[in-house]
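See below for the structure under consideration.
Taken together, the values in this text are just the output of simple stated rules run on the coordinates, not laboratory data. Since the structure is predicted, the reported quantities are computational estimates derived from the model, not experimental observations. Virtual Cβ from ideal backbone geometry, glycine too; neighbours counted across all protein chains shown.
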Amino acid sequence: MNVKPLACVMFFLATGSACAADGQKARQAFRQMDQNGDRALQFSELQAARATLFDRLDANRNGVLDKGEAQAALERAREGGRLQMATAGGLETQAHRMDTDGDGRIARAEFAQFVPDRLLQADSNGDRSLSLSELRALRKR
């Protein structure tokens with residue numbers, strides 16, 4: 001499986017860093033993910049959001065994201081003007097890291113549990129949670 005399109009989908013939809021969203025949409029997405037209302041995003045909340053996202057992307061409901069599903073999500077993102085460019089090599093690396101069992105496919109659990117490097121780095125105090133200040137700093141990078 002060619003993981004480059006899949007990696008790009010992961011980057012765009014999972015990190016939020018490749019998304020050019022206006023402030024209102026960003027606040028709405030934050031509130032939806034912040035399930036406990038503490039004004040921070042625990043990695044467990046991000047993982048729950050990723051699991052929900054996976055279910056939307058997995059069009060054939062086989063529990064695995066395939067090249068066609070990834071390509072369709074990429075096209076929707078490009079058409080909506082929500083995708084910024086990233087290096088293909090970096091995206092491919094992320095997809096390979098997400099594929100923890102090395103079978104060349106991204107299963108729901110692998111997709112949901114993966115925390116992208118950009119988010120790990122944004123967690124400046126290492127508490128596996130992103131505060132509003134950490135999220136603001138992430139948007140400025």
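Spin-label pair LEU132-ARG97: with each label point 7 Å from Cα along the Cα-Cβ axis, the two points sit 2.9 nm from one another.
Summarising the amide proton neighbourhood of SER129: residues at separation of 5 or more, or on other chains, whose placed amide H is nearer than 5 Å comprise PHE43.
Say R0 is 30 Å: what FRET efficiency, to the nearest 0.05, do LYS67 and LYS140 get from their beta-carbon distance? After rounding to 0.05, the efficiency reads 0.35.
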